[in-house]
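*Asks:* So that we are looking at the same thing, I have put the structure below in structure tokens.
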Amino acid sequence: MIKNYFKIAWRNLLKNKIYSFINISGLAIGMAATILIGLWIHDELNHNKHFENYDTIAQVFQHESSNNVVETGPAIPRPLEFALREEHNDNFKHIIMSSWEQPRYIRYGNTNINRRGYAMQEGAPEMLNLEIIAGEKNGIKEKNSIMLSESCAQALFGDDISIAIGKIVKINNRDDLAITAVFKDNPENTSFKDMDYLVPWKYYVTTQPWLERAKTAWGNNSFQLFVQINDNTTMEAITSKIIDVKKNASPEEAEFNPQIFLFPMKDWYLRSEFENGVQTGGRIENVWLFGIIGIFILLLACINFVNLSTARSEKRATEVGIRKSIGSQRGQLIFQFLSESFLIVVLSFVVAITIVLISLGGFNNLASKEILFPWANPIFWIISILFILLTAFLSGSYPALYLSSFNPVSVLKGTFKAGRFSALPRKILVVTQFTVSIALIIGTLIVMNQIQHSKNRPTGYDKEGLVQMPVMSSEFIGKADVMRDQFIASGGAIEMATTSSPTTDVWSNRGGYTWEGKPVGFQENLAYTDVSYEFVETLGAEIIEGRGFSRDFPSDSSAVILNKTAVAYMGIKNPIGKLIRHSDENDPNPPLKIIGVIDDIIMQSPYSPVKQSMYAFDQHGNVSYWNLRLNPENSVRKNLEIVEGVFKKNFPNVPFDYQFIDEEYAKKFRSEERVASLSKVFTVLAIFISLLGLFGLASFVAEQRTKEIGIRKILGASITHLWMQLSKDFITLVMIALIMAAPLAYYFMSQWLQKFPYRINISYTTFLIAGLGALLITIITVSIQAIRTATTNPANSLRTE
């Protein structure tokens with residue numbers, strides 16, 4: 001019996017090739033998109049789960065209040081480590097101080113590479129459960145040791161990484177460290193994916209003299225602290241014990257109401273956003289967004305199947321009547337039609353898997369992932385089987401119930417009528433399809449407009465032709481002025497300046513200042529950067545008042561430049577010449593004189609307001625980057641060749657590393673651009689699936705009305721009139737869908753935009769473009785079939801009458 005059901009189902013598929021193709025291709029595309037979204041969501045939800053201690057690892061965060069605004073972040077003071085060890089050590093398996101991710105030159109023989117990694121305390125390899133390929137597990141217990149990732153070791157020693165153990169490498173062309181271990185690279189979906197090396201915290205402390213001073217500086221939030229809690233406690237319980245550690249230990253910090261808490265690893269990636277001290281979400285919103293999109297895309301594909309199956313019901317009415325008249329029960333008919341649905345879904349699933357395999361590489365590039373197809377994962381196949389059964393049931397249940405309900409007497413007498421409202425469910429489903437599709441179009445357009453709005457925002461400096469070079473080697477110290485002269489003389493650059501942080505980020509925030517007119521109780525928090533004389537000229541920043549630093553004024557060594565936001569923030573009137581003093585009367589540094597005000601420079605998020613910033617003259621050689629303004633009269637390639645030649649002449653053993661500022665700035669948009677790109681792909685697929693179904697329905701309607709069209713043509717109807725007759729119903733349905741989609745899209749996208757302080761206003765033109773676009777592609781889709789039918793010779797359609 002079952003074999004007979006599937007044999008009939010297969011014959012029906014072959015008999016109706018066009019409709020079978022539309023059903024199978026529509027479902028396959030919908031299922032492929034859903035599988036890709038599912039794999040993406042699985043990868044997102046499993047971020048950091050590579051680490052065995054995932055549930056017990058946390059990073060120490062703190063809230064700090066300033067002028068009634070609470071800021072939250074991972075930067076903590078070094079004394080916090082000692083306080084936790086002395087007062088709360090029983091709660092932790094590991095307390096690990098860490099540097100921020102740092103680039104370093106690693107040299108062995110003639111090979112010199114630039115890699116990123118961390119300085120961490122002993123216990124870090126065990127806490128992170130690094131998979132050791134060669135060497136010892138705790139490879140950073142000795143001060144002059146280093147652990148390398150597998151890819152880093154291969155870059156230095158080739159494929160045989162076992163020979164790396166015991167070899168001496170030179171770090172930043174200064175210190176010799178012995179390789180004690182090689183560990184397997186962390187996966188892409190971890191927070192430590194760029195951990196190419198680990199060096200001991202003890203080594204880090206000896207190379208940075210200021211770290212010794214930081215041991216008692218509760219106000220110096222320059223470090224990271226990771227912990228692994230004991231099994232018999234919880235993150236919340238420990239947080240309640242340590243929340244006031246900093247406030248109690250440092251009275252001068254108490255005015256900022258610091259609150260220490262443990263931020264669990266499970267939240268680092270998906271729920272990392274805070275607003276005024278409250279955890280507000282993060283990437284988890286994208287997971288929900290694409291999960292909903294995946295469900296809708298599959299729903300659209302199922303709607304196609306339901307629509308085409310019920311639309312063709314009259315073609316199978318006689319079959320149902322005969323089956324019922326010879327004794328077929330309704331349950332048997334339902335099983336017959338569900339088996340046809342199951343066959344279509346299975347074939348669609350096979351096609352979907354093929355599509356996924358073909359497109360997975362491109363999808364990974366688009367989503368910046370390293371997703372592999374889970375061939376060996378039994379859970380995936382169990383879910384797939386349930387997925388097939390559920391989809392077959394959802395897409396086949398209504399057609400099965402509808403077809404099996406026909407009265408055999410009416411069908412066989414020829415008096416069967418589908419009913420006045422038989423097409424109403426199909427119309428509702430078509431409206432549903434296009435409501436979803438149009439809402440996706442509107443949402444994607446708004447996301448793209450928001451990104452472009454932020455890209456078009458004035459940055460406050462000229463990004464084009466600006467290059468930054470990281471200063472890591474000790475050979476660079478004290479040579480900035482000499483190198484500036486040589487770069488300019490070579491013709492490869494027209495100016496150069498040094499900075500203590502990159503142009504596209506803020507690495508230091510400072511307070512503890514006083515000035516004339518400072519409000520009582522005001523808690524300042526200024527983004528702070530040390531810069532050299534030619535900073536303003538190199539960046540092309542706009543001077544609003546005063547001037548930049550100049551070699552003609554020796555007093556500029558104790559001068560500062562503020563951005564216009566800082567002037568407003570501090571409430572300083574006529575700022576040029578005003579003094580900013582240190583609040584600590586024992587501070588030996590002289591007061592800072594304001595010599596200039598520049599336009600706001602976007603150094604952090606382009607979606608947020610520019611932070612109040614202070615640019616101080618670098619008195620202590622606090623240099624992290626050389627910034628070069630390339631010669632605009634030469635090509636970029638020629639300039640880089642010239643600059644590299646000068647660089648190599650002075651530093652033959654140091655890699656020539658550089659970054660284009662415009663490219664570094666562009667990285668700030670990558671997360672939102674990935675969301676936009678994925679949204680565009682899935683929106684196109686949703687539209688395509690909807691149009692595929694619309695084409696099938698239009699073909700069926702045209703087939704039903706073939707004789708009517710023939711008669712109308714004989715009576716003189718024009719092709720335009722016939723086209724309108726066949727198209728108007730579908731156009732009306734799309735217009736209804738637009739009316740329904742517009743308020744839904746407006747509401748949800750307004751909510752999405754709220755997370756951007758610098759955002760667009762939703763324009764009616766977005767809805768107009770989406771509506772006209774949907775209407776146009778609908779007209780084209782329907783017109784293909786309508787015009788073909790309208791131009792058919794009426795003699796052919798009426799020959800059987």
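*Asks:* Can you give the three extents of the C-alpha atoms in the stretch 10-147 along their principal axes, from longest to shortest, in whole Å?
*Replies:* 79, 55, 31
*Asks:* Could you check the spin-label model distance between residue 375 and residue 550? Points 7 Å from the Cα along Cα→Cβ, value in nm.
*Replies:* 7.1
*Asks:* Distance in nm between label sites at residue 100 and residue 648, each 7 Å beyond Cα in the beta-carbon direction?
*Replies:* Between residue 100 and residue 648, the label points sit 3.2 nm apart.
*Asks:* Between residue 756 and residue 357, what is the FRET efficiency for a Förster distance of 51 Å, r being their Cβ-Cβ separation, to the nearest 0.05?
*Replies:* The formula returns an efficiency of 0.85 here.
*Asks:* How large is the direction-averaged shadow of the alpha-carbon convex hull of the stretch 471-565, in nm²?
*Replies:* 8.2
*Asks:* May I pose another question? Output the antiparallel fraction of DSSP beta bridges having both residues in the stretch 474-653, as a percent to the nearest 5.
*Replies:* Taking every DSSP beta bridge with both residues in the stretch 474-653, the antiparallel ones total about 65 percent.
*Asks:* Also: Considering the zone a paramagnetic label at residue 233 would reach in this model (a point 7 Å from Cα along the Cα-to-Cβ line), which residues of the stretch 81-107 have amide N under 12 Å from it?
*Replies:* Under 12 Å, as judged by backbone N against the label point of residue 233, lie 84-95 of the stretch 81-107.
*Asks:* If you don't mind, there's one more thing I want to ask. With a 10 Å radius around each residue's Cβ, average the other Cβ atoms per peptide and rank 365-372, 614-621, highest first.
*Replies:* On the way: 365-372: 14.4, 614-621: 17.6.
In decreasing order of mean packing, 365-372, 614-621 become 614-621, 365-372.
*Asks:* Let me ask another. Two-decimal Rg/Rh of the stretch 57-268 from alpha-carbon positions, Kirkwood Rh?
*Replies:* We get a ratio of 1.01 for the stretch 57-268.
*Asks:* Using R₀ = 51 Å, calculate the FRET efficiency as 1/(1 + (r/R₀)^6) where r is the Cβ-Cβ separation of residue 46 and residue 397; round to 0.05.
*Replies:* Calculated value: 0.90.
*Asks:* Would you mind putting 675-687, 20-32 in packing order, based on average other-beta-carbon counts within 10 Å, highest first?
*Replies:* Packing proxy ranking, top to bottom: 20-32, 675-687.
*Asks:* What is the angle, in °, between the Cα long axis of helix 719-753 and the longest principal axis of the Cα atoms in the chain? Nearest 10 is fine, range 0 to 90.
*Replies:* 30
*Asks:* Shifting gears a bit: Could you sort 153-163, 125-135, 738-748 so that the peptide with the highest average Cβ count within 10 Å comes first and the rest follow in order?
*Replies:* Listed from highest to lowest mean packing, they are 125-135, 738-748, 153-163.
*Asks:* If the cut-off is a Cα-Cα distance under 19 Å, which aspartates and glutamates reach residue 184, setting aside same-chain residues fewer than 8 apart in sequence?
*Replies:* Qualifying aspartates and glutamates at Cα under 19 Å: 52, 101, 122, 126, 131, 136, 150, 159, 160, 194, 196, 370.
*Asks:* Would you kindly state how much longer the chain becomes between residue 475 and residue 636 on full extension, computed as 0.36 nm times their sequence separation minus their alpha carbon distance, in nm to one decimal?
*Replies:* On the way: separation 161, 0.36 × 161 = 57.96 nm, distance 2.63 nm.
55.3 nm is the gain from fully extending residue 475 to residue 636.
*Asks:* For the stretch 474-653, with equal point scatterers placed on the C-alpha atoms only and solvent neglected, what are the log10 I(q)/I(0) values from the Debye formula at q = 0.08 1/Å, to two decimals?
*Replies:* -0.28
*Asks:* Let me have the relative contact order for the chain, percent, based on Cα pairs under 8 Å that are six or more residues apart. Don't skip to the answer; put the middle values down first.
*Replies:* On the way: 1321 pairs, mean separation 120.8, N = 801.
Worked out over the chain, it gives 15 percent.
*Asks:* May I ask you to derive the FRET efficiency for residue 292 and residue 240 from their Cβ-Cβ distance with R0 = 51 Å, giving the value to the nearest 0.05?
*Replies:* For R0 = 51 Å, the calculated efficiency reads 0.90.
*Asks:* Let me ask you something else. Distance in nm between label sites at residue 728 and residue 514, each 7 Å beyond Cα in the beta-carbon direction?
*Replies:* So the two model labels end up 8.3 nm from each other.
*Asks:* Over the stretch 548-672, what per residue volume does the convex hull of the Cα atoms give, in whole Å³?
*Replies:* In the stretch 548-672, the Cα hull volume divided by residue count equals 196 Å³.
*Asks:* A follow-up question, please. Rounded to the nearest 20 debye, what is the charge dipole size of the chain about its Cα centre when +1 sits on each Lys and Arg Cβ and -1 on each Asp and Glu Cβ?
*Replies:* 5120
*Asks:* Okay, next question. Given the pairs 455/755; 246/755; 573/593; 93/167; 266/668; 167/193, which span a C-alpha to C-alpha distance of over 20 angstrom in this model?
*Replies:* Correct reply: 246/755; 93/167; 266/668; 167/193.
Any read-out appearing in this document is the output of simple, stated calculations on the displayed coordinates, not a laboratory observation. All values derive from a computational prediction rather than experimental measurement. A quick note on method: Cβ atoms are made from the backbone with ideal geometry, for glycine too, and the neighbour counts reach across all protein chains shown.
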